[in-house]
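First the structure, in the form of structure tokens, and then the observations on it.
The values are calculated or read from the model by the stated rules, or taken from the named source; none is laboratory data. Everything numeric in this text was worked out from a predicted model, so none of it was measured. Don't worry about glycine lacking a Cβ; one is built from the backbone with ideal geometry, like all the others, and counts go over all protein chains shown.
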Amino acid sequence: MKEPLLYLCHRIPFPPNKGDKIRSFNILKELSKSFDIYLAAFVDDPHDWQYKDDLTPFCKEVLLLPLHPLRAKLKGLTAFLCNKPISLPYFHSRELQRWVNQQIEQQQIRKCFVYSSAMAQYLEHKVGLKRVADFVDVDSDKWRQYADNAGNPLLKFVYGREARTLGAYEKKITASFDAITFVSDQEAAFFRKDLPLDSAAKVSSFPNGVDTGFFDASLPHANPIDKPYLVFTGAMDYWANVDAVCWFVEKVWPLLLSRHPDLHFAIVGGNPTDKVKALAKHKQVLVTGRVPDIRPYIQHSVFAIASLRIARGIQNKVLEAMAMGKAVVMTSMAAEGIELPPQQKPYVVDKVDEFASVCASLLSDTDSMSALGQMNFHWIASHYRWDAVTAELINLME
């Protein structure tokens, strides 16, 4: 019989088809090998209710609660009355708190894992338990980036306030919990620099991995786009992804298309915003919306694009494309936290003309492009398997 473990997650960790779910699901999968998991999570997308049964092979018990985004945003406004980050009331539920209290008592739970800082509120006062939180990214600094880039003065104020209040809360949780993890050494080092020594000593990191059995370049997939194309994958209602594809299409794409007029660009991911949908008006740009499987789009692309200019942590889109044997042209923000093979590093660029130039050089040298893709494939297999990268977390929970 395995030891019970409470696992709290701000969003249902399935299906593993976007950044946070990829990490939260694979952590769940690896922890379930050593513990009986009692999982609680919110469901903010009605489409995801169908996946509850997919979690049962990994969990002893599962509680899923609806989170209605509009209602949650209204709850979040109460944060202005009590000097809290909006994230806390946004993700607060009395029902979930009762369930947590009940499970800890009935199952005699002594170890708890929290995915995302906002879920730590359910364990703030549970002294005597082993509490580990995966903050993943320094979310407070992400809000600072948003504030710096916001043109609207009201949004700049709201985002700046969230950066300050969430930053204070992150430090408070670090002081009281046993361990805090991040997705990269860079994130952990950035967070440590403003902490007292006793809190800083609790901070460590482990990277995202890749399910190399799923993202297997040798598995055949039908070609979804019968034209040569570059691909960008990701949730297309996420601000950083929206900014990334808009920058690429508006700035880089015209330069690239002038040199390679037969080329297309596929933006693949669910919930595209109106701004993203409008990009389909540009010549030879395709916006797919939600697709059942992103692997065919990666597999049959010429190579992948990761043009992020706002980011924190590790980009799964980069790891997945590399795992499927693709070259990737990316910005330094997209490369942050990823150990890259030497051959891939020259394709990390930030300026418009340089980005267009390295894309064009790959398109003109198919042998080098193919060799780079193979190098990336072998690199991921040897450096980024989930069972290997989560070993640090398993040790922390023991």
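Determine, yes or no, whether PRO292 is in the same structural domain as ALA240 (by TED's automatic domain parsing) and modelled with pLDDT under 95.
Working: in the same structural domain as ALA240 (by TED's automatic domain parsing): yes; modelled with pLDDT under 95: yes.
So PRO292 fits the description; yes.
When ASP194, ASP185, ASP148 are checked against the criterion of being in contact (Cβ under 8 Å) with a residue 40 or more places away in the chain, in the same structural domain as VAL100 (by TED's automatic domain parsing) and either in contact with a Gly (Cβ under 9 Å, 6 or more places away or on another chain) or not β-branched (Val, Ile, Thr) (or both), ASP185 stands alone in meeting it. Taking the numbered list (1) over 30 Å from VAL158 (Cα atoms); (2) surrounded by 14 or more Cβ atoms within 10 Å (Cβ to Cβ); (3) at pLDDT below 95 in turn, MET1 passes all entries but (2).
In this structure, is ALA280 surrounded by fewer than 23 Cβ atoms within 10 Å (Cβ to Cβ), out of contact with any helix residue (DSSP H, G or I) (no Cβ under 8 Å at 6 or more places or on another chain) and not assigned by TED's automatic domain parsing to the domain that holds TYR51? Walk me through it before giving the result.
Details: surrounded by fewer than 23 Cβ atoms within 10 Å (Cβ to Cβ): yes; out of contact with any helix residue (DSSP H, G or I) (no Cβ under 8 Å at 6 or more places or on another chain): yes; not assigned by TED's automatic domain parsing to the domain that holds TYR51: yes.
When the stated conditions are applied, ALA280 passes them.
Considering only residues in region 43-89 that are among the charged types (D, E, K, R), touching a strand residue (DSSP E or B) at 6+ places or on another chain (Cβ under 8 Å) and outside any loop (DSSP other than H, G, I, E, B), the one that is farthest from ILE173 (Cα to Cα) turns out to be LYS52.
Taking the conditions (1) of a type outside the set (Lys, Arg); (2) touching a residue at least 60 places away in the same chain (Cβ under 8 Å); (3) in contact with a Pro (Cβ under 8 Å, 6 or more places away or on another chain); (4) over 29 Å from ASP365 (Cβ atoms) in turn, GLY289 satisfies each one other than (2).
Condition check for SER370 on (1) buried (at least 18 other Cβ atoms within 10 Å of the Cβ); (2) in a helix (DSSP H, G or I): one failure, at (1). Taking the criterion of being surrounded by fewer than 23 Cβ atoms within 10 Å (Cβ to Cβ), in a loop (DSSP other than H, G, I, E, B) and at negative phi, the residues of region 257-275 that qualify are HIS260, PRO261, ASP262, LEU263, GLY270, THR273.
For a quick check of your reading: which helices (runs of 4 or more DSSP H) sit entirely within region 133-209 and have at least 1 residues that are over 23 Å from the mean Cα position of the chain (by Cα)? Fully inside region 133-209 and qualifying: 153-176, 197-200.
With respect to ALA120, determine if the residue is assigned by TED's automatic domain parsing to the domain that holds SER32, assigned to a strand (DSSP E or B), crowded, with 17+ Cβ neighbours inside 10 Å and touching a residue at least 12 places away in the same chain (Cβ under 8 Å). Walk me through how you get there before you give the answer.
Values: assigned by TED's automatic domain parsing to the domain that holds SER32: yes; assigned to a strand (DSSP E or B): no; crowded, with 17+ Cβ neighbours inside 10 Å: yes; touching a residue at least 12 places away in the same chain (Cβ under 8 Å): yes.
So ALA120 does not fit the description; no.
If you go through region 66-99 and keep only what is touching a Leu at 6+ places or on another chain (Cβ under 7 Å) and either of a type in the set (A, V, I, L, M) or under 13 Å from ALA41 (Cα atoms) (or both), you end up with ALA79, SER93, GLU95, LEU96, TRP99.
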